[in-house]
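The values are calculated or read from the model by the stated rules, or taken from the named source; none is laboratory data. Source: prediction; values computed, not measured. Positions of Cβ are backbone-derived with ideal geometry, glycine not excepted, and every protein chain shown enters the neighbour counts.
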Amino acid sequence: MEERMVLTVEKLASGGDGIAFLNGKAVFIPFTIPGETHRCEIYSQSKDYLRARSVETLAASPFRVAAPCPLFGICGGCNLQHVDYPKQLEHKRTYARESLVRIARFDPGELAIRHGVPYGYRNRVQVHVTTDQGIGFMKAESTETVRAKGCPVCVSPIATWLRRENKKSKPAKDIESRIGKRGRFAIFSQDEKLYMEGETAFAHAKVGALEYRFPLGHFFQSNLGLASLLVDEAVRGLSGAHAADLYAGAGLFSARLAQSFDQVTLVESDTVSLESARANLPPGKGNRDLPRLGMEGRIAGTV
């Protein structure tokens with residue numbers, strides 16, 4: 001039988017788990033909130049920490065709310081829907097500052113909060129074919145999948161697509177005829193248009209005033225509303241002769257940097273994304289046809 005004990009949660013980890021302490025060792029407890037007391041089962045132990053699950057909430061936080069998603073706690077995609085959104089932001093600010101102090105040995109002081117909306121914001125998701133030939137996501141801390149009849153964090157076209165497809169008995173069979181046999185694939189949507197990996201190789205996105213083309217199966221920001229704010233904050237006031245964009249991806253920052261720098265060097269290991277980044281630069285800005293240079297397994301493209 002797994003060991004049970006009463007623990008009080010003191011803070012949140014960066015991944016969203018509550019952290020309590022037992023004999024000086026951290027105990028990670030999913031779906032809990034600082035200040036709460038839980039009766040817990042310890043189900044995993046390592047040299048440095050323990051993992052536990054709550055079997056009974058003995059004292060709940062006033063910031064605990066009902067999660068809007070019926071799959072919350074089962075699906076592995078979200079871990080903070082049980083926390084009031086303004087309180088989520090406070091916790092995120094706290095562990096962002098703590099991470100900088102602990103890892104970078106740098107205290108930035110009080111961090112400003114920039115945020116979007118709590119739901120209906122995610123433009124890009126990776127979905128999985130479930131064992132019953134539905135469409136869904138991975139379960140939390142598991143290699144199993146769960147069918148998702150909608151998703152409150154996704155933008156409306158993706159959530160609607162999930163609901164529509166999963167009304168069918170075996171939607172994955174229909175999708176397979178269009179994109180081939182895949183265990184997982186990416187979906188992207190902005191302004192109502194839906195892109196599906198396998199059906200198309202590239203998607204188009206607008207971030208701020210700029211248009212981007214990116215490979216659908218490769219990395220791109222999933223929250224375009226905040227991506228625009230992020231880029232604005234990062235490049236504001238910067239200008240000069242030469243800028244370097246490390247981990248450039250499809251050129252989200254490079255395209256903006258090219259507006260205020262004479263030359264931009266992109267460093268990116270994903271050659272497909274790098275080619276998209278070259279194409280995303282403003283017309284006539286530099287030479288996009290210079291050869292790529294190998295740099296310790298990475299690719300540098302000077303444009």
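Numbers below:
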quantity	calculated
Qualifying positions in region 231-244 - farther than 27 Å from Val155 by Cβ and either surrounded by 16 or more Cβ atoms within 10 Å (Cβ to Cβ) or not small (Gly, Ala, Ser) (or both)	Leu238, His242, Ala243
Pair list, Cβ < 7 Å and 6+ apart or interchain, from region 99-119 residues that are within 30 Å of Cys154 (Cα to Cα) to residues that are at pLDDT 95 or above and of a type in the set (Gly, Ala, Ser)	none
Residue that is of a type in the set (Gly, Ala, Ser), out of contact with any Ser or Thr (no Cβ under 6 Å at 6 or more places or on another chain) and either farther than 30 Å from Ile179 by Cα or surrounded by fewer than 18 Cβ atoms within 10 Å (Cβ to Cβ) (or both), where the choices are Ser228, Ser260, Ser273	Ser228
Residue under evaluation Arg122, criteria (1) exposed (fewer than 13 other Cβ atoms within 10 Å of the Cβ); (2) among the charged types (D, E, K, R); (3) touching a Cys at 6+ places or on another chain (Cβ under 8 Å), criterion not met	(1)
Test: residue in region 81-94 that is crowded, with 17+ Cβ neighbours inside 10 Å, in contact with a Ser or Thr (Cβ under 7 Å, 6 or more places away or on another chain) and outside the structural domain of Cys151 (by TED's automatic domain parsing)	no
Hits in region 209-266 (condition: aliphatic (A, V, I, L, M), touching a Gly at 6+ places or on another chain (Cβ under 6 Å) and closer than 24 Å to Leu111 by Cβ)	Leu226
Strands (runs of 3 or more DSSP E) wholly inside region 175-229 containing at least 1 residues that are not assigned by TED's automatic domain parsing to the domain that holds Arg163	202-207, 210-215
Count of residues meeting criterion [touching a Lys or Arg at 6+ places or on another chain (Cβ under 9 Å) and assigned to a loop (DSSP other than H, G, I, E, B)] in region 79-114	10
Residue tally, condition of a type in the set (A, V, I, L, M, F, W, C), under 16 Å from Ile135 (Cα atoms) and surrounded by fewer than 20 Cβ atoms within 10 Å (Cβ to Cβ), over region 187-215	2
Residue that is touching a His at 6+ places or on another chain (Cβ under 6 Å), over 25 Å from Asn223 (Cα atoms) and assigned by TED's automatic domain parsing to the domain that holds Lys25, where the choices are Ser54, Ser44	Ser54
Pair list, Cβ under 6 Å, 6 or more apart: region 142-163 residue outside any loop (DSSP other than H, G, I, E, B), other residue of a type in the set (Asp, Glu)	Pro157/Glu192
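Residues are listed down the side, and each one gets a yes or a no for (1) under 26 Å from Ala205 (Cβ atoms); (2) over 16 Å from the mean Cα position of the chain (by Cα); (3) at pLDDT 95 or above:
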site	(1), (2), (3)
Lys87	no, yes, yes
His115	yes, no, no
Arg122	yes, no, yes
Val127	yes, no, yes
Gly134	no, yes, yes
Pro152	yes, no, yes
Ala159	yes, yes, yes
Leu162	yes, yes, yes
Lys168	no, yes, yes
